[in-house]
Amino acid sequence: MKIFQQSNASDATLGKKHALSLVIITVMAMFTVATPSPMILGVPRPFIITLVFTAYMFASLVGRIGFTYWTFVLAYLAAFIPGTLYNMFDVTIKWTSVFQLLPMLVAFCFLGTYFDRWLTRNSDRAKVRWIQRILIYFFVVSVLELIFYGQFATLRAHMYPSSLTDALGALGSEQRELDVYGGRPTALFSEPSNLAKFVSVIVAAYMVVSKCSKRSIAALVVFYLLIRSVSYFYAAPVMALAWWQSHSYRLPGKGGVRFSPVKLIGAALVGICLIAGVLVTQRERLSRAESGNDSSSSGRIGLPLQYMRSHIDTLIVGHGITPQDDLTRFTVLVHAMSVGSMDQFSGTMAATSTTIVILVGTGIVGLATFYIAIYLFQQRRGVWIATVFLVSNILNAGYNSSAAFVLSALLVSLMAYQLRIARIDQRESISAPSVQLEPVAQ
């Protein structure tokens, strides 16, 4: 395969602009950032759809993969080698999961490169225009869904059938949503949290491209209040860096960073609004989580962390490349013991935080291997990208699946683009000559 690596922004402007790429990425995300159901010939439908879009992107990119993405994948795989070798005779490798992972890593590489090309080969004005169109679409569909909630719930039940839907019906399976939130939009994603994570990436791109314009900040607040999911902060690290870059400046010829006090106050106000929004919209869930009665937060983060504490001796080297079954068995068993039965919500226990599964698999040795490898490939920018990947995926679910790697590809691509632009801006700022004022004649 050819390697696609752009050295600077001017080189990136050559060639076709591929303005419609963001629409294609959006359609791909809608049907791949999803639950594994339904199955087609025993294979998850999102997996198959991901391969179809990857084949299209392979053809569009003429087989070229960006340096950032294939080196990230090599570092990621290297992280699991110590734990897998150490536990080779003590644990069973789930080969079906490994065979799912490898195509998803290929999809990660091509999707990341594809999004990177869209970011670098279009003008900021064109990118803003397409991002706004995507956000308007999601806003309109989300509002319609809240108005016609029952009809959308029935349509979603047909699109994403499950045993819970079969047992309780379309609206019956939505009872938790109705009890806690009064209903939230999905915009035809499989669930509100998946919509929230994807929209957070698009809003983050809006903030990056528009340099945190007032409209992008308004979109940030409006979509959180509309979707009301903590998963909306999936792209928070990229949003924070976008704000820092757009509201700081360097003096010509100097390396020091300066901040505008007025803009810092504005950032504080936006942060206060978002925190207040979280407290108001998540009040009941926070109360349930505190008492241990929220099955989603318990299954995703609480019980997996308990697993890590109770298996601290195995976290030095790590479990190996497929630790998810052990985590699932532990969380389901502990959950069933706490409620006294294997109720229908035990199925939600399998939706473990992606980052926690990765850390259990790699252990401390593997995590160090990951950072050392990506530093050797990409230096400090690689360390930043790896850290954002791990931090953001605390709020994600799905291991070795399209739900994890489609979002991660977009996140890594946006972060890489951001760091590239920051490096160019810093180089130009430092190389700019200082302005010397001539003395005024007396």
Taking region 20-54 and keeping only residues that are within 17 Å of LEU102 (Cβ to Cβ) and either in a strand (DSSP E or B) or over 22 Å from the mean Cα position of the chain (by Cα) (or both), one is left with VAL43, PRO44
- Message: Is it the case, given these coordinates, that GLY361 is at pLDDT 85 or above, closer than 24 Å to SER231 by Cα and of a type in the set (Gly, Ala, Ser)?
- Response: yes
Out of (1) of a type in the set (Val, Ile, Thr); (2) over 21 Å from MET308 (Cβ atoms); (3) at pLDDT below 70; (4) assigned to a helix (DSSP H, G or I), the one THR348 does not meet is (2)
Would you check if LYS211 is basic (Lys, Arg) and either modelled with pLDDT under 90 or within 22 Å of TYR137 (Cβ to Cβ) (or both)? no
Of ILE25, ILE65, the only residue that is crowded, with 19+ Cβ neighbours inside 10 Å and closer than 24 Å to VAL199 by Cβ is ILE25
Per the filter on region 84-101, residues surrounded by 12 or more Cβ atoms within 10 Å (Cβ to Cβ), over 17 Å from VAL33 (Cα atoms) and of a type in the set (A, V, I, L, M, F, W, C) are VAL91, ILE93, VAL98
Here the residues within region 51-69 that are in contact with a Phe, Trp or Tyr (Cβ under 8 Å, 6 or more places away or on another chain) and either more than 14 Å from HIS18 (Cβ to Cβ) or touching a residue at least 60 places away in the same chain (Cβ under 8 Å) (or both) are THR54, PHE58, ARG64, ILE65, GLY66, PHE67, TYR69
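Is it true that some residue in region 244-255 is among the hydrophobic types (A, V, I, L, M, F, W, C), modelled with pLDDT of 80 or more and surrounded by 20 or more Cβ atoms within 10 Å (Cβ to Cβ)?
Step one: list which residues in region 244-255 are among the hydrophobic types (A, V, I, L, M, F, W, C), which gives 244, 251.
Now drop any that are not modelled with pLDDT of 80 or more, which leaves 244.
In the following step, the residues that additionally are surrounded by 20 or more Cβ atoms within 10 Å (Cβ to Cβ) were identified as none.
No: region 244-255 contains no residue that is among the hydrophobic types (A, V, I, L, M, F, W, C), modelled with pLDDT of 80 or more and surrounded by 20 or more Cβ atoms within 10 Å (Cβ to Cβ).
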Answer yes if at least one residue in region 94-102 is outside any helix (DSSP H, G or I) and either in contact (Cβ under 8 Å) with a residue 24 or more places away in the chain or not basic (Lys, Arg) (or both), and no otherwise.
yes
Filter region 165-208 for residues that are within 30 Å of TRP244 (Cα to Cα) and of a type in the set (Gly, Ala, Ser); the one that is modelled with the lowest pLDDT is SER193
- Does region 77-94 include one or more residues that are polar (S, T, N, Q) and at pLDDT 95 or above? no
- Can you find a residue in region 153-164 that is among the aromatic types (Phe, Trp, Tyr), crowded, with 20+ Cβ neighbours inside 10 Å and either in contact with a Leu (Cβ under 7 Å, 6 or more places away or on another chain) or at pLDDT 90 or above (or both)? no
Residues in region 415-426: is at least one under 15 Å from TYR234 (Cβ atoms), crowded, with 19+ Cβ neighbours inside 10 Å and touching a residue at least 60 places away in the same chain (Cβ under 8 Å)?
-> yes
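The values are calculated or read from the model by the stated rules, or taken from the named source; none is laboratory data. If you're wondering where the values come from, they're calculated on a predicted model, not measured in any experiment. For neighbour counting, all protein chains shown are included, and Cβ atoms are generated from backbone atoms with ideal geometry for every residue, glycine included.
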